[in-house]
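What follows is a short report on a single structure.
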Amino acid sequence: MAALLRERTGRTPVTPSRHRPTRARTKRKGLHERRSRTLFLLMLPGLAYFLVFHYGALAGNVIAFKDYVPFDGIWGSPWVGLGNFQRMFEDEEFWEATLNTVWIALLQIVFYFPVPLALALLLHTLTWSTVRRFVQSVAYLPHFISWVIVVALFQQVLGDTGLVNGYLGDAGLSTVDIIGNPDAFQPLVVAQVIWKDAGWGTIIFLAALSQVDEQQYEAAAIDGAGPWRRFWHVTLPAIRPVIVLLLIMRLGDILSVGFEQMLLQRDAVGPEAAEIIDTFVYYQGIVGGDYGFAAAAGLFKGVVGALLVYAANKVAHRLGEQGVYK
């Protein structure tokens, strides 16, 4: 083509160099930089929030090693070293709160964690888009209701004078006290979490299921695989990295089982059943004024969570999964 143009025009056509940017390429680069600047400016408020209220607040953990007095300030309060931690480890109430926290967290992992996955699989199999959107909307709605309303709804249904006991009383049967029963409190807490957040938890699983190649299902069906074998050999391997990732994150958050949920129901069943580390820190620090002791308990919770994430991530790498980080 270049030789033909040279014969007809007598001039050698100029070919743009690969190393020399053309005007269009320069224009695209400038547009990309302007868009990046705009996105960066939009990101700044969120970045500032995390820097100030999350990372900046970490410096306040120094009061865990002090006999903190608000009027003296952080640096004016006397050092006590590991004294607050020694008191914490010798406190029976702290270990009761820790045991309650771990036990409730394990119940949530066993009974709550599979529910969003099962609901996502059910929604994924629905072919009628209208029905699927309706079920998704209904399942997502409780997530946006505050814990105050959720606890009030459960009290109206399962309370001593609630709906269930009203029907039992009208039928001549003995009533049951579920809300105020310490033995039934932990299963009740798990049921509340399932009702409130199971629909919201399906979002990530639905996104993972949407990436599964439909041709794999068709090939498995042609080979004679039934629904269970298709789930075991096609669906589960495709979403296994997401399951591992969410499980690691849940293990890291195992000592946080819902401060508001527990605080609202603590008086009904007593601290023996409803006291967790977060409420223990609240009553020791905010209510009792023992800020250094409460900060030590909070710091202990954070360190344990970080160690659990690190250990679970290492196990995921050993099993061939990516985990949270490499």
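Each reported figure results from applying straightforward, stated rules to the coordinates on display, with no laboratory input. No experiment lies behind these values; they were computed from the predicted model shown. Cβ coordinates were reconstructed from backbone atoms using ideal geometry, including for glycine residues, and neighbour counts include every protein chain displayed.
I'd like to check something: does the stretch 246-262 contain any residue that is hydrophobic (A, V, I, L, M, F, W, C), over 16 Å from the mean Cα position of the chain (by Cα) and under 18 Å from ILE104 (Cα atoms)?
From the stretch 246-262, those hydrophobic (A, V, I, L, M, F, W, C) are 246-249, 251, 254-255, 257, 259, 262; that's our starting set.
Those still in the list that are over 16 Å from the mean Cα position of the chain (by Cα) too: 262.
Imposing the further condition that a residue be under 18 Å from ILE104 (Cα atoms) reduces the set to 262.
Among the residues of the stretch 246-262, at least one is hydrophobic (A, V, I, L, M, F, W, C), over 16 Å from the mean Cα position of the chain (by Cα) and under 18 Å from ILE104 (Cα atoms), which makes the answer yes.
Can you list the helices (runs of 4 or more DSSP H) lying wholly within the stretch 57-141 that have 3 or more residues being among the hydrophobic types (A, V, I, L, M, F, W, C) and buried (at least 16 other Cβ atoms within 10 Å of the Cβ)?
Working: elements: 73-76, 83-89, 92-107, 114-125, 129-140.
Hits in the stretch 57-141: 92-107, 114-125.
For ALA139, work out the one condition from (1) under 19 Å from the mean Cα position of the chain (by Cα); (2) among the small types (Gly, Ala, Ser); (3) over 30 Å from ILE204 (Cα atoms) it doesn't fulfil.
(3)
Look at the stretch 85-104 and say how many of its residues are more than 30 Å from the chain's Cα centre (by Cα) and in contact (Cβ under 8 Å) with a residue 40 or more places away in the chain.
1
Cβ contacts < 8 Å: first residue more than 21 Å from ALA274 (Cβ to Cβ), restricted to the stretch 162-189; second residue loosely packed, with under 11 Cβ neighbours inside 10 Å, any location; separation 6+ or different chain. Result?
These pairs meet every condition: LEU168/SER174.
Within the stretch 273-326, can you find the residues that are under 16 Å from GLU96 (Cα atoms) and of a type in the set (Val, Ile, Thr)?
Selection gives ILE276, ILE277, THR279, VAL281.
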